[in-house]
Amino acid sequence: MNVITKTLQLADGRTITIETGKVAKQADGSAVLRMGNTVLLATVCAAKEAVPGTDFMPLQVDYREQYAAAGRFPGGFTKREGKANDEEILTSRLVDRVLRPLFPADFHTEVFVTVMLLSADGVDMPDALAGFAASAAMQSSDIPIEYPISEVRVARVNGEYIINPTFQQMKSADMDIMVGATKDNIMMVEGEMDEVSEQDLIGALKAAHEAIKPMCELQEELAKELGTDVKREYCDEINDEELREQVKKETYDACYAEAQSGDNDKKHREETYEKIKSDFVEAYDAAHTELTEDDLEEKHAEIERYFADVQRDSMRRSVLDTGKRMDGRATDEIRPIWCEVDALPMPHGSAYFQRGETLSLSTCTLGTKLDEKMIDNVLDKSYQRFLLHYNFPPFCTGEAKAQRGVGRREIGHGHLAWRGLKGQIPSDFPYTVRLVSQILESNGSSSMATVCAGTLALMDAGVPMKKPVSGIAMGLIKNPGEDKYAILSDILGDEDHLGDMDFKTTGTIDGITATQMDIKCDGLSFEILEKALLQAKAGREHILGKITETISEPRAEMKPQVPRIVAFDIPKEFIGAVIGPGGKIIQQMQEDTGATITIEETEGVGKVQVSAPNKASIDAAVGKIKSIVAVPEVGETYEGIVR
């Protein structure tokens, strides 16, 4: 065995060890990462050649946690790990988003990255190490990728930035941000914050990037020692440069004119571009009658690729040359906004939020403690009392296909909106809250529409939010070698696809609550990033103004169909008396009053919740409980049956 071990020391003295060559040797690349008692195994495998007709990067990243890692049995009847849970999917997405842009544009071979948690003691957070492990495995292989990457979590505790904090440190942090980067450029950011400033966020990104640089250098050393710094040769695309030039020459002017036309109808723009392309294809076919049907099919696939490049270049050039966007807006202009609350008669809260051609219908449902979501992950056993679910049916983009199960994208978008809103729900609010966002139309940042519609629905339901929250998606156009750039507010779907950055922020009037960033260009300076953040702040405040024009504060009274809840504490020594043997007493009280009663011991007291559809039921149940826990006082008269 050719075992190579590399060790890196963090600023606080903790060490991270990367070892390769010992296990999983039949994979194209593998690495074992250890930090304290946390151990991850990462492997990468690539097919020998691309599937014919593939014109994208078929990368699959799977992060999985083994219950044995923490000495636990999985739940359920089978007592075996099943499909990936939400947290595993979210971690997989974080790794995918950093690796994917770094594969060569003409590399289309299937690549599978697997990261497994093998050991964990609940001290260090393993998800922050998954990106480092995956990249180390990639660097120990001959799979072509441009640069090594790493990821770290950065938290701020008592004003100090901490890299890869422990679970204990995270309890007192006001920032929780995952950052992925190469040695030279930040590629991905995602996290939540407690209403921090733009400058605070920039400070966290700088601290994270400084920590990532030595991790990338370690991987470069590893690849040189293994001899994998020279990558495999491949040929996944056959290109006709003459045809590429012909497509550009004959379609660029028409595409540029469409980009300058100010057409704010997404479908009409798509039809216009499709006609430009089909006219070229028709003319090309007429001029090349000597080609067989198979040859023409191959040429049509190439034309498709080259035309996409023309679309991209013409749109970007249009914005950089004139500051005019595809739909005619200025770079900092927000699309028209329409809001409506109390949109549906029976949900506890409901709202529409439309921005341009993106529309979310969000509903809010208020429930009791029994409706909390139980989390049973390897390192997290807890209950969640604020839920947000995001649905993206195919019809919202005009696609003719059936809606299947929830995809990774929907989980990721919903999680970002959840992070943006959750800090504004008071910790002593007795209800369990579920928001559901149905995206009815989509053309740019439906996750941020979910945040805005979610705020409206929460206030419509009477949830006493600390402050309303809004969100915005930003974009960037910056060509290599040019100083000129354009920061775009409230981006369209095409601007996301054809641009260099997708940067989302949510926040209140006082600061940022969540962010997500994907950067696809080299050399993005912190100066440009700060300008983008400040432009995003202005856009968020504009959108927040539209929200508060519609409903300025949470409703003072909840709607009649909302279950009423009374919460109070009792001495813990009375918990058994209220419950009774085998739950007999509490069940009888619920049957007699029609109320739902829950009780749990927390912080040395019994926390009681009584919920019912009407006040009479609640009063009856509360009276029965208080009669059990009442301590007799001298001078008081009590009535009861002596047995």
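The values are calculated or read from the model by the stated rules, or taken from the named source; none is laboratory data. Only a predicted model underlies this, so the values are computations on that prediction, with no experimental measurement involved. Here the Cβ positions follow ideal geometry from the backbone for every residue, glycine too, while neighbour counts run over all protein chains shown. To get the accessible areas, we keep the full protein, side chains included, count just its heavy atoms, and leave off ligands, DNA and RNA. Shrake-Rupley method; radii C 1.70, N 1.55, O 1.52, S 1.80 Å.
The residues K171, K22, K401, sorted by heavy-atom accessible surface at 1.4 Å with ligands and nucleic acids left out, run K171, K401, K22 from largest to smallest. Between L118 and V39, L40, L41, the built amide H atoms are under 5 Å apart, and every one of these is 5 or more places off in sequence or on another chain.
Quick one: helix 293-322 against the long Cα principal axis of the chain, what's the angle to the nearest 10°, folded into 0 to 90? The helix 293-322 is inclined about 70 degrees to the chain. What the Cα convex hull of the stretch 288-367 gives, in volume per residue, is 210 Å³. When both the stretch 304-318 and the stretch 179-202 are represented by their alpha-carbon centers, they are found 30 Å apart.
In the chain, the calculated helix contribution to ellipticity at 222 nm averages -11500 deg cm²/dmol per residue, counting -39,500 (n - 2.57) for every DSSP H run with n ≥ 4. Rg/Rh for the stretch 90-155 stands at 0.99; both radii use Cα atoms, and Rh follows the Kirkwood definition.
Taking the alpha carbon gyration tensor of the stretch 100-220, multiplying each eigenvalue by 5 and rooting it gives semi-axes of 27, 17, 12 Å, largest first. Each principal axis of the Cα atoms in the stretch 345-478 has its own extent, and those three values, largest first, are 43, 39, 34 angstrom. Diffusion of the stretch 459-591 by Stokes-Einstein, at 4 °C in a medium of 1.567 mPa s and with Rh set to the Kirkwood radius over alpha-carbon pairs, works out to 68 µm²/s.
Please give the Cα centre distance for the stretch 617-643 versus the stretch 351-412, rounded to the nearest Å. With the stretch 617-643 and the stretch 351-412 each reduced to a Cα centre, they are spaced 45 Å. Axis angle, to the nearest 10 degrees, between helix 86-99 and the longest C-alpha principal axis of the chain: 20 degrees. Size descriptor for the stretch 535-601, Kirkwood hydrodynamic radius: 16.3 Å (Cα pairs only, one decimal).
Evaluated over the Cα positions of the stretch 50-164, the convex hull gives a direction-averaged projected area, one quarter of its surface, of 9.7 nm². Couplings 3J(HN,Hα) for the stretch 595-608, derived from phi with the Karplus relation 6.51 cos²θ - 1.76 cosθ + 1.60 (θ = phi - 60°), are 9, 9, 10, 10, 8, 8, 8, 9, 6, x, 9, x, 8, 10 Hz, where x marks Gly and Pro. Restricting attention to the stretch 245-392, the count of lysine pairs at 8 or more positions apart or across chains with alpha carbons under 14 Å apart stands at 5. Considering only the Cα atoms of the chain, their convex hull presents on average a projected area of 35.2 nm². Relative to the longest principal axis of the Cα atoms of the chain, the long axis of helix 584-593 lies at roughly 90 degrees.
Mind checking the full-extension length gain between H497 and S382? Use 0.36 nm per residue of separation minus the Cα-Cα distance, one decimal, nm.
Details: separation 115, 0.36 × 115 = 41.40 nm, distance 3.79 nm.
Gain in length upon complete extension: 37.6 nm.
At q = 0.15, 0.18, 0.28 Å⁻¹, what base-10 log of I(q)/I(0) does the Debye formula yield for the stretch 32-99 when every alpha carbon is treated as an equal point scatterer in vacuo? Result of the Debye calculation: -0.69, -0.90, -1.34. Note that the stretch 613-624 has calculated 3J(HN,Hα) couplings of x, 9, 5, 4, 5, 5, 4, 5, 5, 4, x, 5 Hz, one per residue in order, obtained from phi through the Karplus relation 6.51 cos²θ - 1.76 cosθ + 1.60 (θ = phi - 60°); glycine and proline are x. For the cross-link pairs K22/K79; K48/K183; K183/K206, which exceed 23 Å when the distance is taken from alpha carbon to alpha carbon? Listed pairs above 23 Å: K22/K79; K48/K183. Spin-label pair F73-E633: with each label point 7 Å from Cα along the Cα-Cβ axis, the two points sit 5.0 nm from one another. According to the Kirkwood relation over distinct C-alpha pairs, the hydrodynamic radius of the stretch 449-537 is 14.2 Å. The equivalent ellipsoid of the stretch 552-643 has semi-axes of 27, 16, 15 Å, largest first, where each one is the square root of 5 times an eigenvalue of the Cα gyration tensor.
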